[in-house]
Structure formats: structure tokens, C-alpha cells
Amino acid sequence: MKVLIIGAGPAGLSCGYELVKAGCEVEVYEASPFVGGMARSFDLWGQRVDMGPHRFFSKEKHINEFFTTLVKDDYTLVNRLTRIYYRNRFFHYPIKLFNVLWNLPLVTIFQILWEYGRIRMFPYKNPVTFEEWVSNRFGRKLFEIFFKHYSEKLWGISTSKIDADWAAQRIKSLSLWEAVISAIFGNKGDKHKTLLDQFAYPNHGTGTLYERAAAYINEHGGKVNVKTPVQGIVQDAQGKVIGIKLADGSIVTADRVVSTMPLTLMVKSLQNVPADVVASVEKLYFRNTILAYLEVDSLDLFRDNWIYVHSPEVKHGRITNFRNWSKDLNGDKKTTILCMEFWAFDNDPIWKDQDENIAELAKKEIHLLKLVPPQTKILNAFILRVPRCYPVYETGYQVNLKKVENYLDTVENLLPIGRYGSFKYNNQDHSILMGILAADKIMQGLDTDLWKINTDVEYQEEARIKDVLIQ
């Protein structure tokens, strides 16, 4: 069997890796010069960096086998510290009650408690928006402090237009009352580090995992083609998928096609798509990311792996400090590389702006937050743009997505997977699982519903790190 895979990110490479192991003829086509997708690593100013923060955690056996087989013991257990930065103060994330009480003025604490009491008496019934879902669990005031500003930076729309599905997937199923109980009666007897406290990280960057997967494919009869963009899917007269069309116009045929290219672009490349499906695709859209890397002449800026920036006075929303991951990233350099994330749509001024102007904005904002002292030199800046990387969960998106999913299920020999390909806000482990299960579905003829693989409220974060990776 010959299988073509569009995209060399976590989903595409994990699928290709499993298919090659099973004896399939596999070719992967990647538009960029690199593998790893959003989880790739690269060299910068004599150090190694990722495209923002990427940690690895999972309780799922097949995902961990993929990681441990390729990375082996070439990883570090990183002690996780991620906090929220708001009004010149740090707050723990996930939220810890006593930390919140310590950092906020007394009047704000009373507002939090009042709003929480009010929402408990008069909750939103059947919450459909992010704003309603979070307010029901934490109260309006806590929502405005710790959820509203960051979410609106990320998505570019009001929290009253973000679907509640986003909150249900990405925020632990926790209420303010449960946070109080946990703070008072916490599980003091369990001394194991959990995946909230530690995570596994390849010593030379998260992209190591995907570089090795690509190398395995190339060394075992498959082929990973970089700098080879795909124009679209090729179908026969009956609509069955028979291959792909490359950007140069050439056609490559195969028995199956696995697509991780953006779902919206892929569907538009198909033949004779019903008008109502096209209309639904037009209502699905992505958000872009701008990564601003700064090399700072300092070794000790802050302890966090990454920070969520909720301060409304700045445009960026997250900062990664690569000094606090694996020592192998830094080599013998005595500087720190920070990565600041800005988000934008295609028509936003910042997306169209010059790199130099974005670099100056990043420097200005990092000083404004006092995370880099004014006397500390910023030696270098580098701007990286990542288009269409966040599927936007606007209220009602499920209706449009479901219509697209139902139609694609009728297209024979085509499997859309991954963050882009399935229009789901996957972590890398979700995409890896999609790739593995897609390979199983192809080789074993399984009736697996790949659309159902996604984040959920009972996510893997409760697993003990020693039970997961250390045997």
C-alpha cells in the first residue's frame, strides 16, 4: 500500500513513522524547509529554541512509546513553573487560591467573593460562550482578571463570541469553591511529582522528536520531502481520492492520502463539494502567530518556563524563557533568549508590519512589564511569522465543522488529521495520537472516528510523571 502524507508536523510524522514500521510505502510532503510543524526547534544566536513553549505529557501508552523509542533517554525532566503576569504581579497557573488572595487588594478580593456568590445563585443556564462558562465557575470578577484579556488577545474576538467548547477543553473542570477546598485540605500525602509539576523535554528541543521520526522514515524505505508544497487533492471521476497535486503541477498517485494541511484549504481543493459544505468551510478560520525572539544579556531574568501575560496594556500574550528548560539548549552562551507571542489575523496592521517595528514593540513591552531591567541590554531580535496556526472557536463553530466532517467522511481514501487538518486545538500529543490511530486505521481497516480525538476535561495532567516515562 502506498500512502501520501501532507505535512511533516507531529500528526503527519507520527503517522508516517507507524506506517513505515508496518511496511507501507510512505511519502511525506512538507511545504517548508523544516520538519516538526509548530513543534520544530532551530538554532538561533548559538543556542537552540522552539516555536514557543512545547511540553510533552501523556498517559496514553502508544504516545509514550513513540516518544521513548525515538528520544530514548535523551530528555530532561523539567520542573514546571508557569505563571500569570497581571498588574506587575505573578499569579500561579493553574490558579491557587492563597496566591490570588496574597496578590490582590482587599477590595478586589471582596468583589471576587461577591461576584462568585451572585453567580452561584443566578448562574448562566446552558452556557454557550467562553465568558459564560468561566464566569459560572469562578465568578465575573475573577473571569475578568484571569481569563478575559489573554483570551481576547489570543483569539482576536470578544470572549462573548468564543465558544464554551474552548473552555471545556482547555481549563480544568474546577470551580472557585473547589479551589478553596483544595487550598485548605490539599492532598498532602501524595509526594509524587505530577505532570503539572514536571514534564519530559528532549534535551535539544522538542523538534528532536520529529527530526528523528523523519530520519527513521527516510532510513526505512519512506521519504520525507521538504520544500515541496502541495496544491491540492486529486480525485477520480467518482470522487475517490487517488493522489495529490504538487505546486509545480505534477501529480503523485497513491492508495491513501493523509492530510494535515489546513482543513479550509484542503476542502477547497476537492472537486464538486456541495454548496452548503463550502458555505460552512467559509465560516471556519484560523488565527496567525508572530514570534518575537529577543537575546537578552542576562542569565537570571525570571524562573518561569513561560508566562501568560494578562496585562491589558501590552499586545503580546505569552513569553517563553529558554534558559529554564534544558541546559543543552544554551550551550556555553551566557545570554537568555525570550520568545514573545503576538497573535493576529491577515488584515491586522501588526501582521503586515515590518519586522523591525515588531522587534521594537517587543523590546518596549518587555521593558514596560519590567521583566527585563532597563539597564540590561537586548542584543538581538528575530521575528518569525506562523500563519493559520490557531483554529478559532467562535460560537457555533461546531455546527459548521460537523457539516464538513460529515462530508469528508464520504470522501474515500482521505484522512484529515492534526491541528490544522482536523481544525482542532490539539497539543502535540493529541496530534501524535491522531497520527498513530490514522496509521492503524489504514493498515488494519479499523473503524476509528479520528474526529473524536481532542482535548477533554479529564485530560492527562493527573498522571504521575514517574509512572509515565520512568520505568
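The values are calculated or read from the model by the stated rules, or taken from the named source; none is laboratory data. From a predicted model like this one, the values you see are computed outputs, not experimental measurements. Methodologically, a virtual Cβ is constructed for each residue, glycine included, from the backbone with ideal geometry; neighbour enumeration extends over all protein chains shown.
Conditions first: (1) under 20 Å from V78 (Cα atoms); (2) at pLDDT below 95. T320 passes all but one, so which condition is the exception?
It fails just one condition, (2).
Can you tell which of E30, E25 is within 30 Å of A438 (Cβ to Cβ), under 26 Å from the mean Cα position of the chain (by Cα) and either touching a residue at least 60 places away in the same chain (Cβ under 8 Å) or surrounded by fewer than 17 Cβ atoms within 10 Å (Cβ to Cβ) (or both)? Spell out the reasoning first.
On the way: E25 fails: under 26 Å from the mean Cα position of the chain (by Cα).
It is E30.
If a residue has to be under 13 Å from Y201 (Cβ atoms) and either surrounded by fewer than 20 Cβ atoms within 10 Å (Cβ to Cβ) or at pLDDT 90 or above (or both) to count, how many in region 56-72 make the cut?
As a first pass, look at region 56-72 and keep what is under 13 Å from Y201 (Cβ atoms): 56-57, 67, 71.
Adding the requirement that they be either surrounded by fewer than 20 Cβ atoms within 10 Å (Cβ to Cβ) or at pLDDT 90 or above (or both) leaves 67, 71.
Count: 2.
Of everything in region 412-432 that's more than 14 Å from the chain's Cα centre (by Cα) and within 23 Å of F286 (Cβ to Cβ), which residue is surrounded by the fewest Cβ atoms within 10 Å (Cβ to Cβ)? Don't jump to the end; show me each part of the working.
Kept after step one, since they are more than 14 Å from the chain's Cα centre (by Cα), are these residues of region 412-432: 412-417.
Filter again for within 23 Å of F286 (Cβ to Cβ), leaving 414-417.
Details: L414: 19, L415: 26, P416: 28, I417: 34.
So the residue we want is L414.
Take the residues in region 87-141 that are outside any helix (DSSP H, G or I) and among the basic types (K, R), then tell me which one is modelled with the lowest pLDDT. Walk me through how you get there before you give the answer.
Taking region 87-141 as the starting set, the residues that turn out to be outside any helix (DSSP H, G or I) are 87-96, 104-105, 122-129, 139.
Retained after the next criterion (residues that are among the basic types (K, R)): 87, 89, 96, 125.
Details: R87: 84, R89: 87, K96: 72, K125: 91.
Per the criteria, the residue is K96.
Only one residue in I453, I383 is under 20 Å from G37 (Cβ atoms) and modelled with pLDDT under 95. Which one?
On the way: I383 fails: modelled with pLDDT under 95.
From the options I453, I383, the qualifying one is I453.
Among (1) surrounded by fewer than 16 Cβ atoms within 10 Å (Cβ to Cβ); (2) in contact (Cβ under 8 Å) with a residue 40 or more places away in the chain; (3) under 27 Å from V28 (Cα atoms), where does D346 come up short?
Against the list (1) surrounded by fewer than 16 Cβ atoms within 10 Å (Cβ to Cβ); (2) in contact (Cβ under 8 Å) with a residue 40 or more places away in the chain; (3) under 27 Å from V28 (Cα atoms), D346 comes up short only on (3).
Report yes if K370 is part of a loop (DSSP other than H, G, I, E, B), of a type in the set (D, E, K, R) and over 19 Å from F286 (Cβ atoms), otherwise no.
Working: part of a loop (DSSP other than H, G, I, E, B): yes; of a type in the set (D, E, K, R): yes; over 19 Å from F286 (Cβ atoms): yes.
Criteria met by K370.
Can you tell me which residue among N64, N103, N88, N79 is out of contact with any His (no Cβ under 6 Å at 6 or more places or on another chain) and over 27 Å from H316 (Cα atoms)? Break it down stepwise before answering.
On the way: N103 fails: over 27 Å from H316 (Cα atoms); N88 fails: over 27 Å from H316 (Cα atoms); N79 fails: over 27 Å from H316 (Cα atoms).
Exactly one residue qualifies, and that residue is N64.
Whether any residue in region 67-74 is under 20 Å from the mean Cα position of the chain (by Cα) and of a type in the set (S, T, N, Q) is what I want to check. Before the answer, list the steps.
So the first thing to find is which residues in region 67-74 are under 20 Å from the mean Cα position of the chain (by Cα), and the list is 67.
After this cut, where a residue has to be of a type in the set (S, T, N, Q) as well, the list is none.
Scanning region 67-74, I find no residue that is under 20 Å from the mean Cα position of the chain (by Cα) and of a type in the set (S, T, N, Q), so the answer is no.
With the requirement that a residue be surrounded by 19 or more Cβ atoms within 10 Å (Cβ to Cβ), more than 24 Å from D353 (Cβ to Cβ) and of a type in the set (A, V, I, L, M, F, W, C), what does region 376-411 give you?
Passing the criteria: L401, V404, L408, V411.
Among strands (runs of 3 or more DSSP E) lying entirely in region 196-274, which contain 1 or more residues that are without any contact (Cβ under 8 Å) to a residue 40 or more places away in the chain? So that I can check it myself, show each step before the final result.
Details: elements: 198-202, 223-225, 230-235, 241-246, 251-253, 256-259.
So the answer is 230-235, 241-246, 251-253.
Within region 227-281, count every residue that is of a type in the set (A, V, I, L, M), surrounded by 15 or more Cβ atoms within 10 Å (Cβ to Cβ) and within 24 Å of K403 (Cα to Cα).
16
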